[in-house]
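Inspection log for the structure reproduced underneath, given as structure tokens.
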Amino acid sequence: MKHAIETVGLTKRYGSLTAVNKLDLKVEHGTVHGFLGPNGAGKTTTIKILMGLLRPDEGTIKILDREIRGDTPEARLKVGYMPELPRFPKHLKGWELLDIYGKMYGMTTQQRGEQIPKLLEMVGLKGREKDLIGKYSKGMQQRLGIAQALLNEPELVILDEPSLGLDPVGMVEVRELVREIAKEGRTVFLSSHLLFEVEQVCTHITIIHKGVALASDTIQNIYSKLSGSSTLHVELATPSDIIVEALKKLSFVSDVTPDGNMLTIELKTNDDVRPQISQEITKLGGVIVSMNLKGQTLEDVFMQLITKTGGEK
Amino acid sequence: MREKTGGDWKTRFLAVVKYELLWNIRKKKFIGVITLAFTLATLSLVLPVALSNMSGGELEANPEYVISTGAGIGGLGMFLFAVVMVMNSISGEFESGTIVPLLTKPVSRTTVFLGKLLAAFITLLSAYASLFIYMTVGGWIIYGPQNDLYLLPLSLLGTIISTLVWMAIVLAIGTISKSSLLAALGTFGIFMALTISSPIISFFTNQAWIMHYLPGSGAYGLIQIQTEIQGVPVIKSISALTGTDSIAANLVNYARYPSANVTFYSLSSNPLEPITEPLSFILLRSLAVASAYIIGFLFAAWYFFKRTQVLE
Ligand SMILES: Nc1ncnc2c1ncn2[C@@H]1O[C@H](COP(=O)(O)OP(=O)(O)OP(=O)(O)O)[C@@H](O)[C@H]1O
Ligand SMILES: [Mg+2]
């Protein structure tokens, strides 16, 4: 399988601090890959190495099957990048900047003429493109950052914390945008510490902590690999010991705790077993008032992985 | 020099030039220094007229005015232009963080560096050319018809070469330190140290030859030319400086008096036996010294820029 991003043994040190530690990152073509980690995990450092802003101490990098070594401008031709909290020259106007960047991508006058208004509209800067960037708010610069990352219709889009500094509407828009880019078959690699964002748009995730990749897989695989599992809350019309005992005997149930009308059922699995449970209760004459499955969230996985390694160190 | 990016290197390069040019001409500092330069130029033209009017006299016609003053951009002026032109061009991008989106476009760092350099050069050339034109027209109006105006482009060229020396120093300090403030202050320090030490070295030691090889005005000498005023042979003295700041004047003087010699009194341990060098030699030496500084400092700036990591 061809990878859009492939690093082997990527290591970056700042003095005695190892910001990225032997990272093997593989981002498949056509996926939305979330790069997840707490503050200072090494996400930005990794992305800056991918973009040629920092030199790695060890390891190799391939972007769109091209090896990155030193200054490799041709590798960036089909890559769009939005820096973490991007800053643009405040003496230029929004459209001037996009036009100049477009020329740097080798886009023709016609391509620029079509693409720039489309992007300005998409990121909600239409009507402000003739203002100097110095007059833009932080969120507007962030939006300009998204526009310039999509300028060259890139095969690979790298977004470093795209929602940082955006209002809630902007955050929703970013998610929609990412889904749209993905629909066109392009690859998105986005770093975030917002779990719900990653959960909603990503097909794959890599979790990084203290420069080390703790997990890297599809979202489904990450969930099903969980050691712990889900909990089911069932509210019955009338409590019944027979039902509790019967449920305890089910193979996928580890424990049942009754509390008045409520039963808390610990499950050994992460699969959805609500039909089997409800069938069992109904068979024994019980009446279910409500049923609430609390599966393990990405947050649980994240916390689990992070605290485990945090404790070791 | 072509990048294997599939597109046209020239388009990318010109995009960088435009990026930088738009930035340059909208800089408050640049607008300020241009305004200052034109104000000073106007004052230098108008003040003598005002003074002579006050003393009731008439200003005498001087056909040598324009060719001997050029645009009137002295050492300090060239230094100021250089600082204002390039103190931000690389370090400022690091300070503001705008270097990140720029360097992640498919343009090589060398292209970015050369584009910024060309933009600074174009801005400088336009600023100087307009000053030259302004001073020529003003000089003509005030002092009457002017001699040898065809030599003005040579004077412009010399002024630009001299300014490039300072520009290269500012760029190198700025790129290496990534601080615009340090670039400006560091170069100012060098400028002041040289300006203060020049006369001291010239007058109190007999090592003034050092001045030939330092950026700045250089050692002081005199050109003596046999000429005639109304049929009477006279010897006319023109002061000549050997440093990188004086290339414009030396170029013009050489074009007018190719076989002139420059006499230095301070270079000699015995004032009765002054040292004499041909003007052509002094001109070539100052051009060589200036080129060495320009190439050396620009190379250093480029090398660091090429290798630097963007930590910001
Ligand atoms: N310029 C620098 N000099 C020294 N250390 C640095 C530098 N930049 C980052 N670091 C350190 O490297 C580590 C990784 O930083 P990085 O910015 O990559 O984290 P991150 O995952 O992007 O965090 P965040 O979510 O806060 O953006 C941190 O410990 C940070 O302190
Ligand atoms: Mg970061």
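Would you be able to say whether some residue in the stretch A:163-172 is at pLDDT below 90, surrounded by fewer than 21 Cβ atoms within 10 Å (Cβ to Cβ) and at positive phi?
For the stretch A:163-172, residues at pLDDT below 90, surrounded by fewer than 21 Cβ atoms within 10 Å (Cβ to Cβ) and at positive phi: present.
Is it true that B:F304 is free of Cβ contacts under 8 Å to residues at least 12 places away in the same chain and either closer than 30 Å to A:K12 by Cα or within 16 Å of ligand 2 (Cβ to nearest atom) (or both)?
Criteria not met by B:F304.
Results for (1) modelled with pLDDT of 95 or more; (2) within 16 Å of ligand 2 (Cβ to nearest atom); (3) within 14 Å of another protein chain (Cβ to nearest Cβ), shown as yes or no for each residue.
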residue	(1), (2), (3)
A:G40	no, yes, no
A:I47	yes, yes, yes
A:L50	yes, yes, yes
A:D57	yes, no, yes
A:T72	no, no, yes
A:A75	no, no, yes
A:M82	yes, yes, yes
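Looking at (1) under 13 Å from B:Y213 (Cα atoms); (2) small (G, A, S); (3) modelled with pLDDT of 95 or more; (4) touching a Ser or Thr at 6+ places or on another chain (Cβ under 7 Å), find the lone condition where B:A301 falls short.
(1)
Among the residues of the stretch A:151-158, are any touching a residue at least 12 places away in the same chain (Cβ under 8 Å), within 16 Å of ligand 1 (Cβ to nearest atom) and assigned to a strand (DSSP E or B)? Before the answer, list the steps.
Keep residues of the stretch A:151-158 that are touching a residue at least 12 places away in the same chain (Cβ under 8 Å), which gives A:151-158.
From what is left, the residues that are within 16 Å of ligand 1 (Cβ to nearest atom) are A:158.
Now restrict to residues that are assigned to a strand (DSSP E or B): A:158.
Yes, that holds for at least one residue.
Sort out which residues of the stretch A:1-17 are over 11 Å from A:K62 (Cα atoms) and open to solvent by 50 Å² or more (accessible area, probe 1.4 Å), and write them in order of number.
Result: A:M1, A:R13, A:Y14, A:G15, A:S16, A:L17.
Of the residues that sit in the stretch B:297-312 and are of a type in the set (A, V, I, L, M, F, W, C) and more than 10 Å from B:A172 (Cα to Cα), which one is farthest from the other protein chains (Cβ to nearest Cβ)?
Among residues in the stretch B:297-312 that are of a type in the set (A, V, I, L, M, F, W, C) and more than 10 Å from B:A172 (Cα to Cα), the one farthest from the other protein chains (Cβ to nearest Cβ) is B:L311.
Residue-wise test of (1) over 30 Å from B:N253 (Cα atoms); (2) of a type in the set (A, V, I, L, M, F, W, C); (3) away from chain A (no Cβ under 14 Å).
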site: B:I34; (1), (2), (3): no, yes, yes
site: B:S44; (1), (2), (3): no, no, yes
site: B:S68; (1), (2), (3): no, no, yes
site: B:F79; (1), (2), (3): no, yes, yes
site: B:G97; (1), (2), (3): yes, no, no
site: B:P101; (1), (2), (3): yes, no, no
site: B:R109; (1), (2), (3): yes, no, no
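In the set B:L51, B:L45, which member is over 27 Å from B:G216 (Cβ atoms) and either open to solvent by 20 Å² or more (accessible area, probe 1.4 Å) or not acidic (D, E) (or both)?
B:L51
Yes/no per residue for (1) open to solvent by less than 40 Å² (accessible area, probe 1.4 Å); (2) assigned by TED's automatic domain parsing to the domain that holds A:K43:
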site: A:T203; (1), (2): no, yes
site: A:L214; (1), (2): no, yes
site: A:I219; (1), (2): yes, yes
site: A:H233; (1), (2): no, no
site: A:T238; (1), (2): no, no
site: A:I243; (1), (2): yes, no
site: A:S254; (1), (2): no, no
site: A:N270; (1), (2): no, no
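Quick check on B:K10: is it under 19 Å from B:L131 (Cβ atoms), open to solvent by 80 Å² or more (accessible area, probe 1.4 Å) and of a type in the set (D, E, K, R)?
no
Do we find a residue being loosely packed, with under 15 Cβ neighbours inside 10 Å and either at pLDDT below 90 or closer than 28 Å to B:A249 by Cα (or both) anywhere in the stretch B:82-92?
Checked the stretch B:82-92: no residue is loosely packed, with under 15 Cβ neighbours inside 10 Å and either at pLDDT below 90 or closer than 28 Å to B:A249 by Cα (or both).
The values are calculated or read from the model by the stated rules, or taken from the named source; none is laboratory data. None of these values were measured; they are calculated from a predicted model. Cβ sites come from the backbone with ideal geometry, for glycine too, and all protein chains shown count toward neighbours. Only protein heavy atoms, including side chains, enter the accessible area calculation; ligands, DNA and RNA are left aside. Shrake-Rupley method; radii C 1.70, N 1.55, O 1.52, S 1.80 Å.
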